[in-house]
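Shown next, in structure tokens, is the structure this report addresses.
The values are calculated or read from the model by the stated rules, or taken from the named source; none is laboratory data. The shown structure was predicted, so the numbers you read here are calculated from the model rather than taken from an experiment. Neighbour counts run over all protein chains shown; Cβ positions are idealised from the backbone, glycine included. When the accessible area is computed, the model is the full protein with side chains, heavy atoms only, and any ligands, DNA or RNA have been set aside. Shrake-Rupley method; radii C 1.70, N 1.55, O 1.52, S 1.80 Å.
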Amino acid sequence: MASISRSFLNARAIARASSSSAYRYSSAAVAVPEIEPPLPTPTPQPTASSRPQEKLRGWTRFLLFVPGAITFGLGTWQIFRRQDKVKMLEYRQSRLEMEPINCKYITPSGENLNSLEFRRVVCKGVFDETKSVYVGPRSRSISGVTENGYYLITPLMPLPSSSESLQMPILVNRGWVPRSWRDKSLKVVQEEGHPPNVESPAIHETNSWWRIWSKKPNTTDKNPIPETVLDEAVGVIRGSEKPSIFVPANDPTSFQWFYVDVGAIARTCGLPENTIYIEAVNENVNPSNPYPIPKDNNALIRSSVMPQDHLNYTLTWYSLSAAVTFMAFKRLQPKKKMRML
């Protein structure tokens, strides 16, 4: 009996173990469900409203290159400007090297003054100091020191009794004078109420002799009448200046002349508006009388913007064009996405 009961107990233990293992396998099958593959995400199709926006974005990209194209064009334009400026300076230099023309053969109505610009002329007459005009202020550097002054413009009047004199009055820019010259002139005008009357000693002496003699004196006299000494001006024919927007307007009533206006100055001096205007050059300057100081040839042919300035402008515009074009390329490059570790 003992052996039968022991075998019965072993059989029950085996049955329990098999049932528990079966239960574990069945619960594991229930706990781990079957994983299904994910469904593909549908690709959105471009609609009719989104297509114009994409096309617009493509065209707007090219707008980033517009500043570079504009600055490149400005740099190229400065190259052509430099070439024109070099030709202009060479033309002026060649005109100044020509033989001077006698001014008495030039008339405003008979000659085209534009074709005679920068041609040297020789004029002889008498300066009318009572009608001098001061244009400025104009600065001048002397030994590194800048001093303000004015240009002195005086009518050169003809002398009918002289065969060497010019036939019509002209305006002569005699050169640069210190500020004290204009201050003295304005002081005389305020005190006397009219422009200063500075006559040539030779003319004054001639008038005195004519007050004494009622008829032509004898040429064999020991003290003959001194002849009038003609003033000579060597210069180039020029036109009116073109002031910038920052230059004030001339005011003849208060003797304020900021730039050369040939017609207005001629009217103020009682001359025709088409009066010839020349700028004196520094030839045969009297060392004992340094003022007025005429212009030299370099100052006459010099322009406000020289070829070297145009070259600097060209380099500036091209550098700016390269910079903005580079920034446009950098802006259009796709941005690199960071990798997820």
Query raised in the report: Out of all the residues in segment 247-263, which are assigned to a helix (DSSP H, G or I) and surrounded by fewer than 16 Cβ atoms within 10 Å (Cβ to Cβ)?
Result: P252, T253, S254, G263
**Report entry** Residue list for segment 264-284, filter: open to solvent by less than 60 Å² (accessible area, probe 1.4 Å) and closer than 23 Å to F118 by Cβ
**Finding:** A264, I265, A266, L271, T275, I276, Y277, I278, E279, A280, V281
Query raised in the report: How many residues does segment 77-94 contain that are without any contact (Cβ under 8 Å) to a residue 60 or more places away in the chain and open to solvent by less than 80 Å² (accessible area, probe 1.4 Å)?
Result: 1
Query - segment 227-250: number of residues that are hydroxyl-bearing (S, T, Y) and either under 17 Å from I276 (Cβ atoms) or without any contact (Cβ under 8 Å) to a residue 40 or more places away in the chain (or both) - result: 2
Report task. Would you please name the residue that is most open to solvent (accessible area, probe 1.4 Å), looking only at residues in segment 106-126 that are at pLDDT below 80 and assigned to a helix (DSSP H, G or I)? Result -> N114
Report summary line: Subset of segment 229-255, residues of a type in the set (G, A, S) and more than 19 Å from G175 (Cα to Cα), comes to S244, A249, S254
Requested in this report: From (1) hydroxyl-bearing (S, T, Y); (2) more than 21 Å from Y91 (Cα to Cα); (3) open to solvent by 80 Å² or more (accessible area, probe 1.4 Å), pick out the condition that doesn't hold for S304.
Outcome: (2)
